[in-house]
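Here is the structure we will look at.
The values are calculated or read from the model by the stated rules, or taken from the named source; none is laboratory data. What you are looking at is a predicted structure, and each value in this text was computed from that prediction instead of being measured. We place every Cβ from the backbone using ideal geometry, glycine too, and count neighbours over all the protein chains shown.
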Amino acid sequence: MAKEVEDISKGRNKSTLERYKKAAGEDSGPFDVESSKNLILSWAKELDRLNMLREVTKKASVKAEVTEMKNKDVCDMSKDSERIMKWAQELQTVTENLSLTDGDLKQILTNHSVTHKKLDEVLHFLEFVVWSLLSHDSEDVSKIWLPVKQREWKTSRQKYIPYSVWQWIQSAAVDVHLDSSSCHPWLYVSEDKLKVYELHDPPRQQQWENPQIFDKQPFILGLNGFSTGRHYWEVKVPAEGKWRLGVAAASAQRKGRFYVAPGTGYWTICNRPGSLQACTDPRTDLPNSVPLQVVGVYVDYEEGQVSFYNAKSRFHIYTFSQTFKEVLFPVFACLDGNTMLKIGTS
């Protein structure tokens, strides 16, 4: 790793980055735990050599010897040192959020087996750091890293999203407004088209005849659809309540009762008290140790991914993988009278 960092500093890392891009491809598997640990150990040594692990993260547990770099150029190293400083600061935040001790971190940074789930959280974050050290273009790394990891991640534990990757996700932010013409008659839409909740006084039957509305499922679509590109929006959700969020295909069923799943044109997650699920067939239970306040929804049409995040803590919740062939619309559902969904967080 020291040699690779030296190459990075001197602008000779193109072939190295290409090798990691190739490793990220569909035909190649992700880094295995052993190779990741070896890379991370080398990264930790580099931090220790720069005297940042001890000073910035206060995790003074790495005592490994480091081979002296040859022909080190201090000026060329300054930018990389600053980047490492930022990663070390974020590492401290991650470990604090996960309640990791110095001993836990030492277990990661030394060549011991990784058995604790919390250690795995930091492992994938440090893997991203290694990728970033191999490129001067953090956006390029985010483009590669995010879809690869989201295809790989399982649902046993929510995964932390590094800050620069989160910025990449948020750079796809779009304005989403509710489409009243699709609204189930029991739902009320605010004048600004950003809030929806269930009415306590349902309308008369004739209002149910509109062919565009949902007549059995309490759903409403977003006003504008998309058939290309990246799109991100956030929805404020109640701490208690029943709701559903995601996207729907333009041709998805609106009339009658139907099973909400990718097979019927819906890619959503559903929350009920004590239960968070991905609406797959069959349902997939999701970890929900921290009550959700703001849910981020991210669609990468070309990558074929619909992803959900805890936008407050920047944790990945779930990703659907699909080849899309038609226009997608944001979809929202209030499943009880105590739920109000609000697009945006202001």
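Before moving on, here are some points about what is shown:
- Qualifying residue in segment 206-213 (condition: touching a Phe, Trp or Tyr at 6+ places or on another chain (Cβ under 6 Å) and in the same structural domain as V327 (by TED's automatic domain parsing)): no
- Of all residues in segment 283-301 being over 13 Å from F320 (Cβ atoms) and buried (at least 17 other Cβ atoms within 10 Å of the Cβ), the one that is farthest from the chain's Cα centre (by Cα): L292
- Segment 228-242 residues that are touching a residue at least 24 places away in the same chain (Cβ under 8 Å) and under 14 Å from Y197 (Cα atoms), paired with ones that are of a type in the set (G, A, S) and surrounded by fewer than 18 Cβ atoms within 10 Å (Cβ to Cβ) (beta carbon under 9 Å, 6 or more apart): V235/G344; K236/G344
- Odd one out for I213 among (1) farther than 19 Å from T339 by Cα; (2) in contact with a helix residue (DSSP H, G or I) (Cβ under 7 Å, 6 or more places away or on another chain); (3) modelled with pLDDT under 90: (3)
- Selected residue [assigned by TED's automatic domain parsing to the domain that holds S321, charged (D, E, K, R) and farther than 24 Å from V174 by Cα] from E234, E240, E302: E240
- Check on T280, within 19 Å of D179 (Cα to Cα), surrounded by 15 or more Cβ atoms within 10 Å (Cβ to Cβ), among the hydroxyl-bearing types (S, T, Y) and over 16 Å from the mean Cα position of the chain (by Cα): no
- If the condition is being surrounded by fewer than 19 Cβ atoms within 10 Å (Cβ to Cβ) and in a strand (DSSP E or B), then segment 236-252 contributes only K236.
- The sole residue among T268, T264 that is β-branched (V, I, T) and surrounded by fewer than 19 Cβ atoms within 10 Å (Cβ to Cβ) is T264.
- Selection status of H231, within 19 Å of P330 (Cβ to Cβ) and in a loop (DSSP other than H, G, I, E, B): no
- For segment 311-341, filtered to residues that are more than 28 Å from S251 (Cβ to Cβ) and of a type in the set (K, R), the residue that is surrounded by the most Cβ atoms within 10 Å (Cβ to Cβ) is R314.
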